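Have a look at the structure below, then the notes.
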Amino acid sequence: MIQTFIFATTSTLFNLPLIWWLVPLSSLVALFTAFYFYRSVMSKGEGSQQMKEIAQAVKEGAMAYLFRQYRVIGVVFGVIFIIFIIMSFFDLVSLVTPFAFLFGGLFSAVSGYIGMYTSSSAGARAAHAASQSLNNGLQVAFRGGAVMGFSVVGFALFNISVLFFVLYYLVPMEFYRGFDSLREIATIMISSVFGASAVALFARVGGGIFTKAADVGADLVGKVEAGIPEDDPRNPAVIADNVGDCVGDVAGLGADLYESYMGSILATVVLGVSAMVLRAADIDIQLRYLSLPLVLAASGVFLSILGVLLVRTKDDGSIKTIMNAMERGILVSSIGIGLVSLPIVFVLQIDRPWYIWSVILIGLLVGLIIGRATDYFTSSEYEPTKNIAAQGEGGPATVLIAGFAVGMRSTSIPVIVVALGISLSYFLAGGADESLMGLYGIGLAAVGMLSTLGITLATDAYGPIADNAGGNAQMSGLPDEVRTRTDQLDAVGNTTAATGKGFAIGSAALTALALLAAFMEQVRLEMIYLLQVEELDVMGKLIPLREMTIRDFTIYYDVSPLNPAVIMGLFLGSMTVFYFSALTMSAVGRAAGEMVKEVRRQFRSIPGLMEGKAKPDYARCVYISTRGAQREMIAPALVAILMPIVIGVLFGVAGVIGLLAGALATGFVLALTMANAGGAWDNAKKYVEEGAFGGKGSEVHKATVVGDTVGDPFKDTSGPSLNILIKLMAIVAVVMAGITASMGSGGLIDKLIELL
């Protein structure tokens with residue numbers, strides 16, 4: 001029976017392993033599931049007329065922002081598309097690359113639109129459902145988040161499936177530059193990740209600037225100066241704040257993880273195919289190694305659906321029971337992937353099957369540990385966050401010091417776990433003998449970590465929906481019982497948001513490392529097809545390029561700490577991370593400054609506003625946040641896109657590797673620091689608001705509000721944006737490898753020195 005099963009699943013359809021067809025099937029299942037949950041959410045009532053009006057204002061603001069952002073992205077994409085077309089005429093990229101780039105960006109944008117529309121519609125429905133029971137509120141908010149989760153995985157797998165099918169079957173061979181068409185197809189597909197990355201960067205940076213400008217204005221003037229509660233309808237920035245939750249934490253996070261998901265899968269595909277080409281394996285074996293990460297991700301769709309259906313709580317549940325319900329769903333999905341991945345490895349007849357299976361388990365385990373560590377350092381149930389709140393007795397300064405210290409300390413466990421995961425994955429996959437197989441193992445660990453993205457992203461996107469539900473309940477004046485339930489849902493959302501950011505950062509580190517290895521493979525292809533190089537002199541020995549290992553390349557390009565190009569790249573990579581963060585922090589500061597002035601002006605100039613007799617001008621605050629976000633997101637995007645190109649031209653391959661390594665190491669640690677410090681400051685404030693140290697309105701509360709305000713751009717703008725920076729720089733390096741390779745081993749600087 002087992003032999004019959006293996007024979008059936010290893011049979012081929014259109015020359016592809018039969019099990020490969022699970023990938024397009026799972027994409028359709030994921031999209032159908034997203035549609036089903038969307039219909040389920042939209043079938044619920046929105047409550048009173050006032051609740052509907054508030055929800056409509058949030059939805060209009062969110063969609064207006066998104067359309068303006070997509071117009072800017074459209075212009076940028078048009079310019080990059082034209083550049084790619086020009087490059088294709090010089091054979092620097094494939095003629096298919098510009099269209100793959102558009103393809104990736106389009107599907108990322110569509111999934112962002114669906115997630116944004118659903119989340120902005122679900123807030124009032126979750127609040128109204130919470131008036132019936134806690135579990136009803138949870139189901140609406142969580143299934144609203146699941147729409148985003150399954151839209152992302154569905155469109156990503158559909159993107160990959162359709163693009164691969166078109167490139168493999170429909171594109172004529174003359175479009176490719178050599179005989180290793182499968183390897184070239186794999187590298188072309190990474191261009192679609194470039195499109196997704198560009199959308200992700202604009203969504204994360206622009207969305208982060210929007211939401212934090214509104215949040216800072218609402219908190220500083222509303223809570224601290226005016227002394228009114230959070231989400232009070234008298235606060236002019238309150239609608240912009242609720243819009244920002246959808247903009248930054250749904251569309252932004254979804255685009256970020258869409259990019260990580262596609263990037264990890266396709267980088268692993270490149271490494272697997274390249275490893276088999278180096279072995280001179282036939283096309284059937286190459287296709288099996290190509291299929292493994294795809295099928296692994298596809299199986300995660302079905303197990304994520306199971307996990308989502310398991311998330312429910314009792315009507316008299318607490319914050320802890322809600323968290324336990326979500327953790328149960330994620331754990332069941334992860335265990336399911338662990339069990340299912342073993343037969344998948346055997347069916348595809350992958351070498352060292354038990355070791356490869358253990359690599360996938362390592363990826364799952366790393367993701368779970370990072371989530372737990374983030375929870376410990378940011379949740380108000382544990383000592384680090386409680387200590388920050390206690391420091392509020394000394395004023396804002398001690399709150400800031402304690403919070404930043406927690407952020408720095410929180411990097412220890414994720415960094416150690418990721419480093420161990422990388423090492424174990426590399427050697428268990430056979431990296432000691434074949435470096436490409438070791439790197440393939442690292443890629444599989446990243447895919448394993450992201451395989452349950454459907455439910456993981458659902459828990460993340462749940463947070464802003466629960467936050468909007470609480471805001472709607474507050475502004476609509478719902479009974480205290482309902483607001484208690486929405487506060488419970490919101491408190492869980494804060495923890496899942498912090499955990500989601502830690503998960504996204506950890507997966508970004510593994511994905512970026514796999515993309516760095518893919519860059520080396522792309523350099524090999526460009527030297528063969530663009531520069532017509534057949535062999536290279538490595539330490540006095542001529543080695544054919546097709547037979548060179550990664551180690552041979554590192555020797556040829558002198559990728560060592562003693563090479564000035566590598567050292568310069570390392571420093572410039574680290575500097576880029578800090579400069580990028582400074583740009584995004586400054587952007588939030590400028591936009592928030594305008595928001596603070598506007599909120600103060602309205603409190604001062606609108607008669608009867610503080611007494612509740614007049615309505616504030618919500619639209620003006622939404623406009624200020626939108627204008628600030630659109631204006632400020634261009635410069636950080638240019639830094640991310642241009643740095644790998646400039647360094648590649650000036651310092652060659654060794655300089656780019658140094659740049660990517662420096663950005664990866666520094667960006668990973670700094671992103672963890674900023675995200676966890678911001679999350680801890682936020683939850684310390686909420687811990688005080690629950691009654692600790694004098695509760696709302698106390699001096700400790702005011703001190704923690706200042707800490708939360710400083711932490712807002714840390715955790716929702718700069719920190720999360722660094723995930724995309726380190727991945728986008730690696731993807732740009734891969735796509736622009738033709739230019740880098742054409743500059744020689746030392747780049748333009750080396751050529752100028754030789755001329756002198």
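The values are calculated or read from the model by the stated rules, or taken from the named source; none is laboratory data. If you're wondering where the values come from, they're calculated on a predicted model, not measured in any experiment. We place every Cβ from the backbone using ideal geometry, glycine too, and count neighbours over all the protein chains shown. Accessible surface areas use protein heavy atoms only, side chains included; no ligands, DNA or RNA. Shrake-Rupley method; radii C 1.70, N 1.55, O 1.52, S 1.80 Å.
At a glance:
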{"read-out": "Heavy-atom accessible area ranking, 1.4 Å probe, most first, across 552, 284", "value": "284, 552"}
{"read-out": "Karplus (6.51, -1.76, 1.60) ³J(HN,Hα), θ = phi - 60°, over segment 673-683, in Hz, Gly and Pro reported as x", "value": "4, 5, 5, 6, 4, x, x, 5, 4, 4, 6"}
{"read-out": "Euclidean distance of C-alpha centroids, segment 526-591 and segment 393-463, integer Å", "value": "23"}
{"read-out": "Placed amide H near residue 536: partners under 5 Å, 5+ positions off or other chain", "value": "543, 545"}
{"read-out": "Kirkwood hydrodynamic radius of segment 9-95, from inverse mean 1/r over distinct Cα pairs, in Å", "value": "18.3"}
{"read-out": "Amide proton proximity set for residue 696, modelled H, under 5 Å, gap of 5+", "value": "691"}
{"read-out": "Value in Å of the Kirkwood radius, where segment 175-255 supplies the Cα pairs that are averaged", "value": "15.1"}
{"read-out": "GluC sites (Glu not before Pro) within segment 630-713: DSSP coil, no more than 14 neighbouring Cβ in 10 Å", "value": "690"}
{"read-out": "Positive-pole candidate from 710, 463, 602, dipole of the chain, charges at beta carbon", "value": "602"}
{"read-out": "Karplus-derived 3J(HN,Hα), 6.51/-1.76/1.60, for each residue of segment 630-643, Hz, glycine and proline x", "value": "5, 6, 8, 8, 6, 4, x, 5, 5, 4, 5, 7, 7, 4"}
{"read-out": "Integer Hz, Karplus 6.51/-1.76/1.60 couplings in order for segment 696-706, x for Gly and Pro", "value": "4, x, 6, 5, 5, 4, 4, 5, 6, 5, 4"}
{"read-out": "Cα-based shape type of segment 1-157, given that a ≥ b ≥ c are square roots of the gyration tensor eigenvalues and the cut on a/c is 1.5", "value": "oblate"}
{"read-out": "Rg/Rg_ref, segment 617-756, where Rg_ref = 2.2 N^0.38 Å and atoms are Cα", "value": "1.51"}
{"read-out": "Relative contact order [Cα under 8 Å, 6+ residues apart], the chain, whole percent", "value": "21"}
{"read-out": "5 angstrom amide H check on residue 609, placed H, neighbours 5+ away", "value": "614"}
{"read-out": "Rounded D (µm²/s) - segment 465-584, Kirkwood Rh over Cα pairs, Stokes-Einstein at 10 °C, 1.306 mPa s", "value": "82"}
{"read-out": "Value of relative contact order over segment 344-445, rounded to a whole percent, pairs C-alpha under 8 Å and six or more apart", "value": "32"}
{"read-out": "Alpha carbon centroid spacing (whole Å) that separates segment 481-496 from segment 205-219", "value": "21"}
{"read-out": "P(r), alpha carbons of segment 302-394 - 10 Å bins starting at zero, rounded %", "value": "14, 30, 28, 17, 8, 2, 0"}
